[in-house]
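Data block below; observations after.
The values are calculated or read from the model by the stated rules, or taken from the named source; none is laboratory data. Please read all numbers here as calculations on a predicted model, not as lab measurements. Using ideal geometry, Cβ is built from the backbone for each residue, glycine included, and neighbour counts are taken over all protein chains shown. Protein only, heavy atoms only, side chains kept; ligands, DNA and RNA dropped before computing areas. Shrake-Rupley method; radii C 1.70, N 1.55, O 1.52, S 1.80 Å.
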Amino acid sequence: MGTTVYDTGEPIREGAHVYAHSRKDGKDGVVYLVINNSLTEATTVELPKDAQRYTLAGQDGNIRATVMTLNGKPLVLGEGNTLPEMAPEAQAAGTVTVAPGTCTFFVL
């Protein structure tokens, strides 16, 4: 996320804290960060256009897991302590469901 902060127009509410920043790579667009702080209920947000999705969660939905996941794939170091691939998932515009206890970045 870049250093410029935007107003999302989304009030802080149980189940969704939504933040918007410029892109760190300097390209046109915005990055939304949606934190679902509910441990039991999914929440929804509206995306104005297609995006790249990066969802961080505990393995098997356990927020206290020793292994975190990115889009469902374990984030573990490879041979020689190399970082794992951090590929986004495509996310269509419209209403998007965000799972409980996750942090999701949408790059628009």
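Summary of computed values
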quantity	calculated
Radius 9 Å from Cβ of N71, net charge of other residues (Lys, Arg +1; Asp, Glu -1)	+1
Diffusion constant of the chain at 20 °C, which comes from Stokes-Einstein with the Kirkwood Cα-pair radius and 1.002 mPa s, µm²/s	147 µm²/s
Three-way shape label, segment 25-86, alpha-carbon gyration tensor, a/c 1.5	oblate
Full-extension gain in nm, R13 to E79, via 0.36 nm per residue minus C-alpha separation	19.6 nm
Residue-normalised accessible area of the chain, expressed per residue, 1.4 Å probe, Å²	64 Å²
Rounded, prolate or oblate (a/c below 1.5 giving rounded, otherwise prolate when a/b exceeds b/c) for segment 58-106 by Cα gyration tensor	oblate
Apportionment of accessible area to carbon and sulfur, the chain, percent (1.4 Å)	52 percent
